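The values are calculated or read from the model by the stated rules, or taken from the named source; none is laboratory data. Not measured: the values here are computed from a predicted model. Here the Cβ is made from the backbone with ideal geometry for all residues, glycine too, and neighbour counts use every protein chain on show. All accessible areas refer to the heavy atoms of the entire protein, side chains included, with ligands and DNA or RNA removed. Shrake-Rupley method; radii C 1.70, N 1.55, O 1.52, S 1.80 Å.
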Amino acid sequence: MGCTYSVYGVGRKKKLSIPEVVVFAPCMRIPAQCDLQRALKGLIPRDVIDKLSCLRNRIALVADDTGGSAITELRQALEEYLSILIGLTKKEHGLENLVEFKWKILVDGRQETSVANAWFELLSVVHMMAMLTLCEADTIMIPKDYSGSGFRVVSTDCKRDAVDLLLKAAGYLEFCVRNVLCCIPPEIKKSMSKDLQDGVLEAISIQALGQGTEIQLGLAIESQKATLSVKRRLACELLIYYSQAYQCISGCDLSHGYGKKHMWFIKWKFLEAKAAAYYYHGLVLDKGSEPTCHISAVCCFLAAQELLVESKKACISFCLATPVTRAPPLWGAMKHLHQKIPEVASRKSHMYGYLLEQEKALQSLPELPDFQLSLRPDDYELPAIDPTWDSGNWEKQGQQPLKDHLNDSEDEIETE
């Protein structure tokens, strides 16, 4: 969503601020209080425990206090925390299931999940980094100032920065699906938040690529150098992304708070993308000289017009689904298409009305061309493990290596 749902006090009355959404980011989850000291005391050096606790508490405090808007500070703290957290996931340390990690939803503070698994914690941290990155892209695409004409103006540089952030977020989520979820036992996955289902994570990753493609289509429309073929290709790629995102999420349990809203967002953008694809395909076909080309083109334009109407309905359903949000003013590619599609559909259907009457048997919607997708998620790798996990350092500090400590503990149990 947006990063915050703010409530401002005015006297004794409270006014709810309904956020506007350009880049959709489902609910952000943040760390809740958990007792790392008690779970890890005596097993690893005190300074490692203190560092883990300090960073985790700092992330929770900053996220709570700023509503997730302190993105740079949070990202830095999350990266630092990850470098130490990785040590808990190493099998040789035997610490994977000792700490019960708790997370809550940022918006309402409701504790959502409590799972004793270090891989779950790592998944939650990388997921939070992805949501922060989507929020940052959303902020860039919602400028504070408007032009004198009343229309929204977002600079080309901001749009390109937003695309870079969307690719980065997609990379975080792809890493979660491919490299983290596979390390979590099935029985633990069942107890996790529905927002962390592999299909949901994959859908968000793909839709981020779709939103990046939509921004690129808008840039192509603004460019005099971009050909009609390039615009059609981008529109068709946009449709493919949202088709894939829909397939990913359609098999998921959407009974959780943001599930239905997420589905409506994908439906809305899917219908817009399909309208764009048929519109540009129609323009390409209309350049042909045969009557069948013009008939097929008109079919494309009329289909695009109907899809645009349906997309407006889906947008309203998305905005009204809990939690309520506002749709942004039309911008970029969709602003252009909402103006052009009805105009071209009306003009071309009148122009070639006689052909449509004569050749009713040919009135079928042509297939859209298939293209190889251009955008890919950025590659993401975990930071290097913090050097404090080096057992050699522990011995220098007078701390018994963890492996020996665990063996000693087993001997004591057997003796008793």
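With contacts taken as Cα pairs under 8 Å and at least 6 residues apart, the range 265-350 reaches a relative contact order of 34 percent. If you sort D286, D161 by accessible surface, 1.4 Å probe, largest first, the order is D161, D286.
D157 contributes about 100 Å² of solvent-accessible surface, heavy atoms of the protein only, 1.4 Å probe. Of the residues H127, H336, H93, the one with the largest accessible area comes first in the ranking H336, H93, H127, computed with a 1.4 Å probe on protein heavy atoms.
Protection proxy ranking for 61-74, 300-313, using the average of other Cβ atoms within 10 Å per residue and placing the highest first: 300-313, 61-74. Cross-link pairs exceeding 23 Å in C-alpha to C-alpha distance, out of K274/K335; K159/K231; K104/K269; K225/K340; K90/K189, comprise K104/K269.
Apply the a/c threshold of 1.5 to the C-alpha gyration tensor of the range 64-114 and tell me whether it is rounded, prolate or oblate. Oblate. Taking a ≥ b ≥ c as the square roots of the eigenvalues of the alpha carbon gyration tensor, the range 215-278 is prolate, as a/c is not under 1.5 and a/b beats b/c. Computed in the context of the full set of protein chains, the accessible area of the range 50-135 at 1.4 Å probe radius has 48% of its extent on carbon or sulfur. Net charge in the neighbourhood of E272 (other residues with Cβ under 13 Å of its Cβ; Lys, Arg +1, Asp, Glu -1) is +3.
Given a 1.4 Å probe and the protein chains as shown, E100 ends up with an accessible area of around 100 Å².
Ordered by 1.4 Å accessible area with all protein chains kept, L355, L271 run largest first as L271, L355.
Given a 1.4 Å probe and the protein chains as shown, R56 ends up with an accessible area of around 10 Å². Inter-part distance, the range 274-318 to the range 73-93, computed on C-alpha centroids, equals 49 Å.
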